[in-house]
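A.B. asks: Quick one: the structure is below, and I'll ask about it shortly.
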Amino acid sequence: MKAVLIFDMDGVLADSWEVCYPCFQQFAASLNQPQLCSKEAILSLFEDNFMTSLGRVIPLPSLQSDLFLQLASDMNNALTKATCFAGIKPTLEILCKDHFLFLITANFTSAAHTFLKNQQLNCFQGISGADQSFNKAEKIRFIAKNNPGLPVYYIGDTLGDIIEGKAAGVKTVAAGWGWHDAATLRRGKPDYFLKHPEDLLSLINT
């Protein structure tokens, strides 16, 4: 049976933490929030929707659009240096033959296109970044609604991903090779926890 597979990008497809971390640090410094510059602080922002977490620290209306434009530019440049996790590309190439694949990311759409082009990944029917909507759950529900009768899985690597996937009412798959560790991911009670990208093949085919 065909399935709808919705993927996060950073930490699921892209091994991008090391190149993205400096972008977040600079963003936090631009916001005059030095307490957000550490690895632990930045990762904690992804324990919920990124913008929701950020809004608990700084009033979102006060954020200047030029700061987000700079972050988008920095992320786009960073993603030119990122590579795929081992095993993810062949896994996607197999899955897209029989299933419908989509990409939803808290990164920017331009950065996603840059990464996919550089890695020669042409298996997604739709790509949506934070510049289109910060609400992942809303976008997941939209995809599910447009594919009635098919099982829908959201594959993410952060606690926030699992929370938003559950809010959207789809099956959640925790990618244990990404940004958040296993203990953090399991706090969201994902439907499935996978250690390696190749494990997706067994899960979906089963």
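The values are calculated or read from the model by the stated rules, or taken from the named source; none is laboratory data. Quick caveat, the model's predicted, so the values are computed rather than measured. All Cβ positions, even for glycine, are placed from backbone atoms using ideal geometry, and neighbour counts span all protein chains on display.
A.B. asks: Counting only residues that are under 17 Å from Asp15 (Cβ atoms), touching a residue at least 60 places away in the same chain (Cβ under 8 Å) and surrounded by fewer than 22 Cβ atoms within 10 Å (Cβ to Cβ), how many does the range 158-196 have?
C.D. replies: Qualifying residue count for the region: 2.
A.B. asks: Every residue in the range 69-91 that is part of a helix (DSSP H, G or I), loosely packed, with under 15 Cβ neighbours inside 10 Å and either in contact (Cβ under 8 Å) with a residue 24 or more places away in the chain or not aliphatic (A, V, I, L, M) (or both), please. Steps first, answer last, please.
C.D. replies: Keep residues of the range 69-91 that are part of a helix (DSSP H, G or I), which gives 69-79, 88-91.
From what's left, loosely packed, with under 15 Cβ neighbours inside 10 Å: 69, 73, 77, 90.
Selection gives Ser73, Asn77, Pro90.
A.B. asks: Quick one: Ser202 ticks every box in (1) over 30 Å from Leu69 (Cβ atoms); (2) crowded, with 20+ Cβ neighbours inside 10 Å bar one, so which box is it?
C.D. replies: Answer for Ser202: the failing condition is (2).
A.B. asks: I've got another one for you. Assess whether Lys139 counts as being farther than 22 Å from Asp98 by Cβ and either surrounded by fewer than 18 Cβ atoms within 10 Å (Cβ to Cβ) or over 15 Å from the mean Cα position of the chain (by Cα) (or both).
C.D. replies: Numbers: farther than 22 Å from Asp98 by Cβ: yes; either surrounded by fewer than 18 Cβ atoms within 10 Å (Cβ to Cβ) or over 15 Å from the mean Cα position of the chain (by Cα) (or both): no.
It is false that Lys139 is farther than 22 Å from Asp98 by Cβ and either surrounded by fewer than 18 Cβ atoms within 10 Å (Cβ to Cβ) or over 15 Å from the mean Cα position of the chain (by Cα) (or both).
A.B. asks: Now a separate question. Quick check on the range 32-43. Is at least one of its residues small (Gly, Ala, Ser), more than 15 Å from the chain's Cα centre (by Cα) and either in a loop (DSSP other than H, G, I, E, B) or in the same structural domain as Gly165 (by TED's automatic domain parsing) (or both)? It would help to see each step written out before you state the result.
C.D. replies: The initial filter retains those residues of the range 32-43 that are small (Gly, Ala, Ser), namely 38, 41.
Within this subset, residues satisfying the condition of being more than 15 Å from the chain's Cα centre (by Cα) are 38, 41.
Pick out the ones that are also either in a loop (DSSP other than H, G, I, E, B) or in the same structural domain as Gly165 (by TED's automatic domain parsing) (or both) and you get 38.
For the range 32-43, residues small (Gly, Ala, Ser), more than 15 Å from the chain's Cα centre (by Cα) and either in a loop (DSSP other than H, G, I, E, B) or in the same structural domain as Gly165 (by TED's automatic domain parsing) (or both): present.
A.B. asks: If you scan the range 103-122, which residues turn out to be surrounded by fewer than 20 Cβ atoms within 10 Å (Cβ to Cβ) and in contact with a helix residue (DSSP H, G or I) (Cβ under 6 Å, 6 or more places away or on another chain)?
C.D. replies: Scanning the range 103-122 gives Ser110, Thr114.
A.B. asks: Any idea which of Ile143, Ile94 is in contact (Cβ under 8 Å) with a residue 40 or more places away in the chain and farther than 21 Å from Leu194 by Cα? Full working, then the answer.
C.D. replies: Working: Ile94 fails: farther than 21 Å from Leu194 by Cα.
Among Ile143, Ile94, only Ile143 is in contact (Cβ under 8 Å) with a residue 40 or more places away in the chain and farther than 21 Å from Leu194 by Cα.
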